[in-house]
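The values are calculated or read from the model by the stated rules, or taken from the named source; none is laboratory data. Quantities reported herein were computed from a predicted structural model and do not represent experimental measurements. Here the Cβ positions follow ideal geometry from the backbone for every residue, glycine too, while neighbour counts run over all protein chains shown.
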Amino acid sequence: MPDKNEIERRKQIKRELREKARLEFEQSLPISRVDFQNLFDFLDEKLSNQECDDYLTFTYEFLEKNEFKNIEEIENWLKNNGGYCDCEVLYNVEEMFDQDSIL
Ligand SMILES: [Zn+2]
């Protein structure tokens, strides 16, 4: 059985790994957290009035309205994270931010 120091050491390693994963996620973001939150709010409102059309239509609308310059990078990032259309951005991508805040 591992002694107390060993248990502490393992806990520390776990904490560091979690922190590292959090940082990597944070650094991979093509726009700020606040921008993402605004995007989620925007999509939430749009999709409460209208069905998702299986494209990133409202996402583009938001990105263009706010004059983001790296729309292609943002689109790729969203797709890499399971957001292939507006409703998926809400269901798959927003969840990642929630989980991340729990860590
Ligand atoms: Zn959809």
Members of the stretch 22-42 found to be polar (S, T, N, Q) and touching a residue at least 24 places away in the same chain (Cβ under 8 Å), listed by number:
S28, Q37, N38
Please determine whether any residue of the stretch 49-59 is under 17 Å from Y91 (Cα atoms), without any contact (Cβ under 8 Å) to a residue 24 or more places away in the chain and in contact with a Lys or Arg (Cβ under 9 Å, 6 or more places away or on another chain).
no
If we scan the stretch 48-63, do we find a residue that is touching a Phe, Trp or Tyr at 6+ places or on another chain (Cβ under 9 Å), away from the ligand (no atom under 13 Å from the Cβ) and in a helix (DSSP H, G or I)?
yes
When the stretch 67-90 is examined, which residues are found to be out of contact with any helix residue (DSSP H, G or I) (no Cβ under 8 Å at 6 or more places or on another chain) and either among the polar types (S, T, N, Q) or at pLDDT below 95 (or both)?
N70, N76, N80
Filter the stretch 38-97 for residues that are aliphatic (A, V, I, L, M) and within 12 Å of the chain's Cα centre (by Cα); which is nearest to E26 (Cα to Cα)?
M96
